[in-house]
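The values are calculated or read from the model by the stated rules, or taken from the named source; none is laboratory data. Just so you know, these numbers come straight off a predicted model, no measurement behind them. Here the Cβ is made from the backbone with ideal geometry for all residues, glycine too, and neighbour counts use every protein chain on show.
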Amino acid sequence: MPSADRPPSRRAFLDAAGVTVAAGLLAGCSGDSARSDRPVDPTPSAPPTPTPVAVTGRHQAGVTLPRSAQPHLLALVADLGETVPPGPILAELGETIQTLAAGSDPRLLGLSPGDVTVTVGVGPRLVQAVGATLPGATDLPGFSRERVDSRERGGDLLIQICAGDALLPPLVAAALLDQAGDRVQERWRQFGRRGVEVPVAEDRTAPRNLLGFIDGIVGPHTDAEQERDLWLAGPPAVAGGTLAVLRRMEIDLTRFAALSVAEQEAVFGRRRASGEPLSGGGVDSAPGLNAKTPEGRYLVPVDAHVRRANPTVVGVGHMLRRSYSIDTPAPGLLFVSFQNDLRTFTATLSRMDTSDALLPFTTTTASATFLILPGYDPQRPLGSTLFG
Ligand code: HEM
């Protein structure tokens, strides 16, 4: 930490301003070269303004956009009053999100909206009321290692707010709750923070999580993969949407930190420092699940997380993981995944449940799934395809 009488280094300033070090790394500037011998500028210039993210379009923002997820998240889960029709309130929330993202809502109290995104989903109760067979109508089953208070299981409405500025998510949440008034009752909320983003491919980064490992490497990253595994193709009421799963997972950091680095790497099946699979290759290489030592031992252990969760082995599509590290109510991860088939999540966790070296370090304390509504615009208000 810089002392009060010493100006912060440019690097410390950039980090404190929440600018991802990865941006520099992606531009071909290594961490070491960033720490150059040039004299430190005692009057650092203002941090660059984050690029705004489009609110309207075929898909909602906050799933694949921005490409590197913003460092701060607030996930807010609320219930809708039993007799409140979802259509009008969703349309109103969509309009409010547009004015908030445009910076023209006085409830932002003068803050610049920057790269804020708001992603809205509806829970199984609301989807079921429209059609019992629609994607999103099915709730998650229970799994092992859960300690979930009934208040923190499920919910009617998800409002996921992400931003580079840590002050925006609570302000935006307050504005949206104010807009909804007594038509909604907040159920639970969770703040999250992304670790430093690390480049994992030419045009992609992923953050470290609280266990020190790079998290979010494998997933549907190309347009074709996203059409196949992420976005719902139909029926028309949900086309362009996706299914979200949120699981707050406490992690026993003390027990994990007591393992040797090699033991920690065996838990995941990847190197801690570089993210490379234990079977070799680069960080972006697929784990070689058949690769063995000369003695016949699997390089990626049989209970390694990347083996148990591997989509080909499970027989499911790729899920887009966009998780955030948390510190309250206990250290851990707010696991967030998006996929167009809930089975992608349930079959993966069922397979992990029987033997995944990572799971014994975790306890799940909140759990919910939501249909992320299709994208919207002034002609096609938020929620209108489903509740219009
Ligand atoms: C505290 C909980 C968890 C932590 C810390 C965690 C962390 C990680 C890490 C570090 C990786 C390797 C790098 C990567 O590909 O991103 C990974 C891979 C993966 N995780 Fe998790 N994970 C957790 C829970 C889960 C859960 C609950 C699921 C789904 C049921 C899941 C699904 C996956 C999948 C599908 C992969 C990619 C596997 C592959 O094909 O290589 N993870 N996770």
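Numbers below:
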{"read-out": "Checklist (1) touching a residue at least 12 places away in the same chain (Cβ under 8 Å); (2) small (Gly, Ala, Ser); (3) in a loop (DSSP other than H, G, I, E, B) applied to GLY121, failing item", "value": "(3)"}
{"read-out": "Among (1) in contact with an Asp or Glu (Cβ under 9 Å, 6 or more places away or on another chain); (2) loosely packed, with under 15 Cβ neighbours inside 10 Å, the one test that THR254 misses", "value": "(1)"}
{"read-out": "Test: residue in segment 210-232 that is out of contact with any Asp or Glu (no Cβ under 6 Å at 6 or more places or on another chain), closer than 14 Å to PRO71 by Cβ, modelled with pLDDT of 95 or more and surrounded by fewer than 19 Cβ atoms within 10 Å (Cβ to Cβ)", "value": "no"}
{"read-out": "Test: residue in segment 196-210 that is near the ligand (Cβ under 9 Å from one of its atoms) and assigned to a loop (DSSP other than H, G, I, E, B)", "value": "yes"}
{"read-out": "Selection within segment 66-114 - of a type in the set (Gly, Ala, Ser), under 25 Å from ARG322 (Cβ atoms) and not in a loop (DSSP other than H, G, I, E, B)", "value": "ALA75, ALA78, GLY94, ALA101"}
{"read-out": "From the options THR364, THR344, residue that is within 11 Å of the ligand (Cβ to nearest atom) and not in a helix (DSSP H, G or I)", "value": "THR364"}
{"read-out": "Count of residues meeting criterion [in contact with a Gly (Cβ under 9 Å, 6 or more places away or on another chain), outside any helix (DSSP H, G or I) and within 8 Å of the ligand (Cβ to nearest atom)] in segment 286-309", "value": "1"}
{"read-out": "Number of positions in segment 218-277 that are more than 10 Å from the ligand (Cβ to nearest atom), assigned to a helix (DSSP H, G or I) and in contact (Cβ under 8 Å) with a residue 40 or more places away in the chain", "value": "8"}
{"read-out": "Check on ARG322, closer than 26 Å to ASP229 by Cβ, within 9 Å of the ligand (Cβ to nearest atom), surrounded by 16 or more Cβ atoms within 10 Å (Cβ to Cβ) and not polar (S, T, N, Q)", "value": "no"}
{"read-out": "Matching residues in segment 330-388 - criterion: being among the polar types (S, T, N, Q), modelled with pLDDT of 95 or more and farther than 27 Å from VAL53 by Cα", "value": "THR344, THR346, THR348, SER350, THR362, THR363, THR364, THR365, SER367"}
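Table: residues versus (1) more than 20 Å from PRO207 (Cβ to Cβ); (2) surrounded by fewer than 18 Cβ atoms within 10 Å (Cβ to Cβ); (3) touching a Gly at 6+ places or on another chain (Cβ under 9 Å).
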{"residue": "ARG272", "(1), (2), (3)": "no, yes, yes"}
{"residue": "GLU276", "(1), (2), (3)": "no, no, yes"}
{"residue": "GLY281", "(1), (2), (3)": "yes, yes, yes"}
{"residue": "ASP284", "(1), (2), (3)": "no, yes, yes"}
